[in-house]
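Participant: One structure, pasted below without further comment.
The values are calculated or read from the model by the stated rules, or taken from the named source; none is laboratory data. Predicted model only: the values in this text are computed from it and were never measured. Because the Cβ atoms are built from the backbone with ideal geometry, glycine has one as well, and the counts that use them run over all protein chains shown. Each accessible area value is taken on the protein alone, full model and side chains, heavy atoms only, with ligands, DNA and RNA left out. Shrake-Rupley method; radii C 1.70, N 1.55, O 1.52, S 1.80 Å.
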Amino acid sequence: MKAFTYERPGSAAEAAAAAVRTPGAKFIAGGTNLLDLMKLQIETPTHLVDVNNIGLDRIEPTDQGGLRIGALVRNTDLAADPRIRRDYGVLSRAIVSGASGQLRNKATTAGNLLQRTRCPYFYDTDMPCNKRAPGSGCAAIGGLNANHAILGASEACIATHPSDMAVAMRALDANVETVAPSGASRSIPIADLHRLPGKTPHVETMLEPGELIAAVTLPKPRGGVQLYRKVRERASYAFATVSVALIAKIEEGRVTVDRLAFGGLAHKPWRVEQAERAVAGSDAAADSIADIVLAGARPAEQNAYKLPLVRRTLSATLEHAREGASR
Amino acid sequence: MIGAGINRIDGPLKVTGRAAYSYERQDAGQPFYGFIRGAAIGKGKIAGIDTAEAEAAPGVRLVLTHRNVPKQGAFVNKPTIFDRPHPQLTSDRIEYFGEPVAFVVADTFERARAAAALVKVTYAREDGAFDLANHADRAEPQATLSIGLPGETRFGDLEAAMSAGPVTIDQTYTTPYHFSQPMEPHACLADWRDDHLTVYLATQTVAQNRIALAETLGLAADQVTVDAAFVGGGFGSKLYLHAEAVLAALAARELAHPVKVALTRRQVFTLTGHRPEMIHRVRLAATSDGQLTGLGHDVNLQAAVAEPWIEQAATVARSLYAAPNRLTRHSITNLDLKAAEAVRGPGELPGLLAFETAMDELANALDVDPVELRLKNDTAIDPELGVPLNGRRLADCLREGAKRFGWGQRPKTPGSRREGDHLVGYGMAVGIRMHFQGATGAVVRIDPDGRVIVRSDTPDIGTGTYTIAGQIAAEALGIGVNRVTVQLAHSDFPPSAGAGGSWGASNLSIAIDLACQKIRNKIVEAAGPGAAPNDILADVGRWFPEGVEATGQTIGQADDPNFKNYSQNTYGAAFAEVAVDIATGEVRLRRMTGVFAAGRIINAKTARSQLMGGMIWGVSSALHEAAHVDPRHGNWVNGDLAEYLMPVHADIPAIETVLLDDYDEHANHLGIKGVGELGVCGTGAAVSNAVFNATGIRVRDFPITLSKLLSGLPPMRTAA
Amino acid sequence: MASVHMETNGREQPTTRAAASSPTLAGEEIRGTSTPKQEANRHSVQLRVNGQLHAVDLDPRTTLLDALREHLHLTGSKKGCDQGQCGACTVLVNGRRINSCLTLAVMHEGDAITTVEGLGTPDRMHPMQAAFVDHDGFQCGYCTPGQICSAVAVLDEISAGIPSHVTVDLAAPIALSETEIRERMSGNICRCAAYPNIIEAIRTVAGGRP
């Protein structure tokens, strides 16, 4: 870990100002990903702005009938909030399927969205990685890539985004509210927050330098059956091989897909609105959805199994919805 | 007292955080901190190394590289293994990925870690051979295994038996690299003062590592003290001397100041040894009613030719089943990886995973019950050594296990039982583990005030050694265990064969018991007819105002006729039920029963725990664990605990662990054998066979991950 | 949670009174050495650990775990991986369990930190510690402090109705089931694999709860 200076401002505005005042500054909230990366010198901030004292830790109703989740709401608290459990079950389910109790107690809403990939070549500083060292190459291509992306990847990077929470937020059409150092705020649809790797996999989000996530807003509840199915080799405390976030309506044994997003497949949470539209109103068939979702899939050497896995997991999740199972 | 399942006597210290492991010892005062920088290539040379910036960094006291490292003793490939010197930073050559290229010492951990990153290293990279599959044609047959057994055994004509059949199995299995990964990373606190080195070392072998360290540093053994009072697990990986101990000691001597270093978790992958990857060919020939006529096991395993560890994986069938035609062989394939080492269940874990899966294939081919197949081929005489198999209770384990588990409810047809979203299957396998005996000493002292002290250099690595040593002494002296103080794992105490290989308990128990017998004899001699045998402590106070002391010595197996006249093993049978998600292929263990015969059990509680833990290792070997090498670079790709999967709580249901009431009079005069390895033996195959029974899919490339099952699972409803 | 004042093995702990003038550990206190290259960048932090205030002067890079172990010499909290992948470093901060390896000590000024040493002593063990001994919920003991801190927090989390991955009905009260406990304990890896015994120990303590 490289040396850094540290400060703990008392407001969001001060935090944003502090971040631009010092070149190389970074915000730290839960720290569960950033500190790990700092120990390996994958992240080397010269200044840490500790945002744990700036509020932004409440979940409040919005005028539109949704919820505004403060950036610093801990994953545990978000998953446990009665309104989230009642109206946004897919989000609660996704969060508790990730990490461990200890990590969820510390990790924040914003930090979870901004966590970086778990590609082992990104973590191994002796390996080429365009995300960590732009231009050095991608060691995962031609290497061990059983858990890498099959969708939206590029010649430069085949890493996946590791968040479960973000997949549910993608299904829920969340918006990310930010504050720029100038004080200007904006709202970013979660679909646009994360970028595909393209030629610049080190640029992972559309946030500007010093731009701080202040909150995530959820639109008014969509209702329906909300499921999150996470597939993994270990029963807990493991990253997803594939995950499915499903919001569906069940009428007379027919399952109609309302929202559908996938994790473990791409550099960002993956949702194909076209697939949702294609099956809108009809009893959902996993194959017709998967055909559309996987149309552009380009598996690497070792992860082609994700193609049938997506299909089968989706099928199982739709069946669970049909049976009224809750997860 | 022997047999009682008493609580661990070191338990209260451990559960309250007061047990100090090596890195945590405060004995030497405030130490400096070391940090190891590893090579970024798998093979080649250091082209340039610039330490100026690191040396100038705040708090840095020393930067060692191959240019300035003090002279060290050369590596010697001694057959005793754990006392081999392991000099570090000896040249500009890089033999394996992550090999230490620099060692940085600073006044704080944070500064040492940061400064280590400031060392600038450039490399002349050479092409290396890093993957077994593509270099398997290099395999060289081995005449002798690392533990001294023959590499090849041959009886009759296996080829002829295979031709004759009528029922044969000839399959290839692969078992991957495994790591011990104890929860305590390998660590050393080295204190050099007055021409004497004291190391607080996370080790399984005190006397052996003392010699190894002394020879590495060019010291006499009595200039080195090793203290390993608490060790946070070993599983083989702390048998050997590693870089952290040598570098901490070198730096402490250079700086005349204590230095401590712990490997990072990633370095536990690069700087300690792994279980080698293996390609197994198993051949079985049987009559149509299931009598084995031939068995063969060929293993080709990775090795580093400079320090080959030839794991005894093809020995597992040698004493397991009768068959007239037999062939077991080992070959090694030299790769540019770090030397492999013993990992828990060396030989047995991978060997039985392959062999007992093959036996299940045979049972399936014969359409006989897998339990019946094992019973039919049971033997009282070692088929290869021709001597009796003492304590052979394999059939008892099988019958008891089958009964407890409800084996009769097994789905007879693979892939036939569905419960909800899951395919359910039962599997079983047997375990066998060689029993060894190594020279071990213990000293027992009784103070005039009645305090009893037992000392030996055997460490307690979680094995319950503190507790059972107290129980053995208490039994031998006819006193309460609370009267006994046990002091272990210090090089001032009598040397032992160490903690590893499932022999610590028996080695140490014999020595303690012999010491106690000597004390009893001394008392009888002193007291004559007036001795009060029921109150030995009172007698000591009366006849020995200075206290009394005696040393007991366990002899090595080469000198013990029991090990010539008998084939010494422990036995077990494991039964597992798994559920396989019909959609995703995720495999989860539902329940497991293991029944074991391991001689007399000293502590029913700690022995059961150790076996249970071993069984979970078996589960892990079947379903979870594998370390992957990048064949282009030679690095461990999944070198952390998020990617190298070991089971977590959610993977493990309640596990029934049963110890048969046993006493093996031909093992030693106490009837004791060991349990450290036994739990891992065959339990992986029980799970593997259960997956087959659940799905009808036979995976021969371990571990059984979901991607290997997906294509064989039944079709899903994917259309509306 | 009851915090117990207690002695720690090793060096004397500064009291709040002495704190201002007596930092526990800084470069200048190191035995037999001069410190020619000091960095100015240090932070004075008051850490409240097991009910006792400790003033420490820290490099801001110091994790809470290293502050506990290397500066306060509270070595009960273990470093198993230093990257949040094993749980051996689990401590309670303001009653919640966290991985102390993935947080900086300077971020915990004013927080109430409880380590395994604060739960009980060998002579007066916390019920969870006693249950781990009785049920042999450990072998080597290295993951144990983290398991115990986690276990104490898990029972509180279930009581507080915090859902887990295995909670079937998000709207209903959460059952104190074996499945729930196993899932919630999954952030604590035990390589000796004492898992079934750990679960028994936790269930015993849970059973004794009102």
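Participant: Distance between Cα centroids, region C:108-132 to region A:282-308: provide it in whole Å.
Facilitator: 50
Participant: Where a Cα-Cα gap under 20 Å defines reach, which aspartates and glutamates qualify for A:K249, not counting those fewer than 8 residues away within the same chain?
Facilitator: Of all the aspartates and glutamates, those that pass the test against A:K249 - Cα under 20 Å, at least 8 places apart if same chain - are A:D87, A:D173, A:D258, A:E273, A:E276, A:D283, A:D287, A:E319, A:E323, C:D169.
Participant: Continuing with this model, one more query. For n ≥ 4 DSSP H runs only, could you compute -39500 (n - 2.57) per run for the protein assembly as shown, divide by its residues and tell me the 222 nm figure to the nearest 500?
Facilitator: -7500 deg cm²/dmol
Participant: For region C:185-203, list whatever residues lose no less than 30 Å² of accessible surface once every protein chain is in place, relative to that chain by itself, with the probe at 1.4 Å.
Facilitator: At a threshold of 30 Å² (probe 1.4 Å), the residues of region C:185-203 that become less exposed are C:S186, C:G187, C:I189, C:R191, C:C192, C:A193, C:Y195, C:P196, C:N197.
Participant: Right, another one. Please pull out the direction-averaged projected area of region B:438-555, using the convex hull of its alpha-carbon atoms, in nm² to one decimal place.
Facilitator: On the way: hull surface 26.3 nm².
Hull-based average projected area comes out at 6.6 nm².
Participant: Between chains A and C, what is the buried accessible area summed over both chains (1.4 Å probe, protein heavy atoms, nearest 100 Å²)?
Facilitator: The buried area between A and C, both sides summed, comes to about 3400 Å².
Participant: A follow-up question, please. Along the Cα-to-C-beta direction of B:A322, a point sits 7 Å from the Cα; which residues of region B:285-311 have their amide N less than 12 Å from that point?
Facilitator: Residues B:291-293 qualify, since their backbone N sits under 12 Å from the label point.
Participant: Any chance you could tell me what percent of the C-alpha pair distances in region A:60-111 go past 16 Å?
Facilitator: In whole percent, the long-distance tail amounts to 36.
Participant: For the protein assembly as shown, what are Rg and Dmax over the alpha carbons, in angstrom?
Facilitator: Taking only Cα atoms of the protein assembly as shown, I get Rg and Dmax of 30.2, 100 Å.
Participant: Still on this structure, please answer the following. Loop only by DSSP, 15 or fewer other Cβ within 10 Å of the Cβ. Give me the GluC sites (Glu not before Pro) in region A:246-315 that pass, ordered by residue number. Please report the intermediate quantities before stating the final value.
Facilitator: Working: sites: A:E251, A:E252, A:E273, A:E276, A:E301; in loops: A:E252, A:E301.
Answer in residue order: A:E252, A:E301.
Participant: Restricting to Cα atoms and excluding each atom paired with itself, what does the Kirkwood estimate give for region B:305-434 in Å?
Facilitator: Working: mean 1/r = 0.0588 Å⁻¹.
Its Kirkwood hydrodynamic radius stands at 17.0 Å.
Participant: For chain A, count the residues as N, evaluate 2.2 N^0.38 Å, and divide the Cα radius of gyration by that value, please.
Facilitator: Expressed relative to 2.2 N^0.38 Å, the Cα Rg reads 0.98.
Participant: In nanometres, what is the gap between the two model label sites at A:A3 and B:K45, each 7 Å from Cα along Cα-to-Cβ?
Facilitator: Calculated label separation equals 3.7 nm.
Participant: Further, regarding this structure: Using a 1.4 angstrom probe on protein heavy atoms only, which residues from region A:51-92 are buried by at least 20 Å² of accessible area when all chains are present rather than their own chain alone?
Facilitator: At a threshold of 20 Å² (probe 1.4 Å), the residues of region A:51-92 that become less exposed are A:T76, A:D77, A:A80, A:R85.
Participant: Same structure, new question: Pairs to check: A:K106/A:K220; B:K43/C:K79; B:K338/B:K605. Give those whose C-alpha atoms are more than 29 Å from each other in this structure.
Facilitator: Beyond 29 Å between Cα atoms: B:K43/C:K79; B:K338/B:K605.
Participant: Evaluate the relative contact order of chain B (contact order divided by residue number), counting alpha-carbon pairs under 8 angstrom at least 6 apart; express in whole percent.
Facilitator: 16
Participant: Which of the lysines could a cross-linker bridge to B:K564, judged by Cα under 19 Å and excluding same-chain residues fewer than eight apart?
Facilitator: Cross-link targets: B:K673.
Participant: Heavy atoms only, probe 1.4 angstrom, no DNA, RNA or ligands counted: give me B:E625, A:E177 ranked by accessible area, highest first.
Facilitator: The residues order as A:E177, B:E625, largest area first.
Participant: Here is a further query. Can you pull the accessible area of A:K106 for me, 1.4 Å probe, Å² to the nearest 10?
Facilitator: 20
Participant: Averaged per residue, what accessible area in Å² does region B:438-555 show with a 1.4 Å probe, protein chains only?
Facilitator: Computed with neighbouring chains in place, this is 35 Å² per residue.
Participant: Where the accessible area of the protein assembly as shown is counted over protein heavy atoms with a 1.4 Å probe, how much of it, in %, is carbon and sulfur? Working shown, then result.
Facilitator: Working: 19690 of 39230 Å².
With neighbouring chains kept in place, the figure for the protein assembly as shown is 50 percent.
Participant: Explain nothing, just the number: relative contact order of region B:438-555, from Cα pairs under 8 Å at least 6 residues apart, as a whole percent.
Facilitator: Reported relative contact order: 41 percent.
Participant: Same structure, new question: Scan around B:R193 for amide H atoms under 5 Å from its own, H built in the peptide plane at 1.01 Å from N, and keep only partners 5 or more places away or cross-chain.
Facilitator: HN-HN under 5 Å from B:R193: B:T198.
Participant: Okay, moving on. Please compute, over every Cα-Cα pair in chain B, the percentage with a separation greater than 35 angstrom. Mind showing how you got there, number by number?
Facilitator: Details: 119660 of 258840 pairs.
That fraction is 46 percent.
Participant: Compute the distribution of all C-alpha to C-alpha distances in region A:174-245, in bins of 10 Å from 0, and list the percent of pairs in each, rounded to whole numbers.
Facilitator: In order of increasing distance, the bins hold 16, 30, 36, 17, 1 percent.
Participant: Now for a different question. Please give the FRET efficiency for B:A526 paired with B:F155, using the beta carbon to beta carbon distance and R0 = 60 Å, rounded to the nearest 0.05.
Facilitator: So, using R0 = 60 Å, E works out to roughly 0.60.
Participant: Any idea of B:F103's accessible area? Nearest 10 Å², probe 1.4 Å.
Facilitator: Ignoring ligands and nucleic acids, B:F103 comes out at about 0 Å².
Participant: Which log10 I(q)/I(0) values, to two decimals, does region B:276-325 give at q = 0.26, 0.31 Å⁻¹ under the Debye formula with one point per Cα?
Facilitator: -0.97, -1.17
Participant: Mark the label point 7 Å from the Cα of A:T125 along Cα→Cβ and return the residues of region B:1-44 whose backbone N is within less than 17 Å of it.
Facilitator: B:34-41, by backbone N distance to the label point.
Participant: Give the C-B buried accessible area in Å², both sides summed, 1.4 Å probe, nearest 100.
Facilitator: Chain pair C/B: roughly 5700 Å² of buried accessible area.
Participant: Considering only protein heavy atoms, what is the solvent-accessible area of C:D134 at a probe of 1.4 Å, reported in Å² to the nearest 10?
Facilitator: In the full protein context, C:D134 sits at about 80 Å².
Participant: Also: Which value in nm describes the separation of the simple spin-label points at A:M206 and B:H669, placed 7 Å from the Cα toward the beta carbon?
Facilitator: About 8.3 nm separates the two model spin labels.
Participant: Suppose each label sits 7 Å from its Cα in the direction of the beta carbon; what would the B:D560-C:L53 distance come out to in nanometres?
Facilitator: It works out to 6.1 nm between the two label points.
Participant: How much accessible area is lost when chains A and B come together, counting both sides, with a 1.4 Å probe, in Å² rounded to the nearest 100?
Facilitator: Numbers: alone 14330 and 25920 Å², together 36800 Å².
The summed interface area works out to 3500 Å².
Participant: So what's region B:503-598 giving for Rg/Rh, alpha carbon basis, Kirkwood Rh from the mean inverse pair distance?
Facilitator: Taking Rh as the inverse mean 1/r over Cα pairs, Rg/Rh reads 1.34.
Participant: To check you understand DSSP bridge types, tell me what percent of the beta bridges within region B:438-555 (both residues inside) are antiparallel, rounded to 5.
Facilitator: Values: 11 of 16 bridges.
Percent antiparallel among DSSP bridges in region B:438-555 is about 70.
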